[in-house]
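Trainee: Pasting a structure below so you can have a look.
Readers should treat all values here as calculations from the given coordinates under stated rules, not as data from a laboratory. Source: prediction; values computed, not measured. For neighbour counting, all protein chains shown are included, and Cβ atoms are generated from backbone atoms with ideal geometry for every residue, glycine included.
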C-alpha cells in the first residue's frame, strides 16, 4: 500500500511541475544552431544576485500569471536547476508556489521552475552560440585571404 501512496504523490508532483501548453514555448534541445541563433526569445537571463533569492512558499499561486510574465528575467540555468532539484522537498513540505524577489507579491505556480529551467538552458545556449558565431565572423577580418584558416572559417560558417 505505501507504494501506491508514493506513486500518487509523485504523480501529483509531476503534474505540479508540468508546464501548461500556452507556456511551452521553450525551444527543444534538437533545434539546429542556425535556428537557435535566429530564435527571438522574449525573456532575458537574470544576471544579478536576486535570482539566488528565489524561494518556495506556502502561499497559493496566482490563478492567472501576470500578462508580462514571459518577458520577466529568467534565473540562470544553474539556479533554475537547483530550484527544480529542491522542488520535490518543497512540495512535500506543503509549499504551493515560488516567490521571485523582483515580484514578491506574485506567488507563481511551481511549474514556473520547469519553465525557467528550459528557458534558461535555451538562453544560455543561444548566448554561447552567438558569441561563438561572432568570433568566427571576426576571424574573417583578420585571416589572410588565401590562407588555410580562411577555408576553415568558411567551413565553420557553412556548418
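Trainee: Listing 116, 135, 129, 72 from the residue with the fewest other Cβ atoms within 10 Å to the one with the most, what is the order?
Mentor: Ranked by crowding around the Cβ, least crowded first: 135, 129, 72, 116.
Trainee: Okay, moving on. Counting other C-beta atoms within 10 Å, which of 43, 131 has the fewest, and how do the rest follow?
Mentor: 131, 43
Trainee: On to the next question. Taking the simple approach of a point 7 Å from Cα along Cα-to-Cβ for both residue 41 and residue 151, what is their distance in nm?
Mentor: Going from the residue 41 label point to the residue 151 one covers 3.6 nm.
Trainee: Quick check: residue separation of residue 62 and residue 159 times 0.36 nm, minus the Cα distance between them. What number comes out in nm?
Mentor: Computed gain between residue 62 and residue 159 is 30.4 nm.
Trainee: Return the equivalent ellipsoid semi-axes of region 27-158 as a descending list in whole Å, where each equals the square root of 5 times an eigenvalue of the C-alpha gyration tensor.
Mentor: 40, 13, 12
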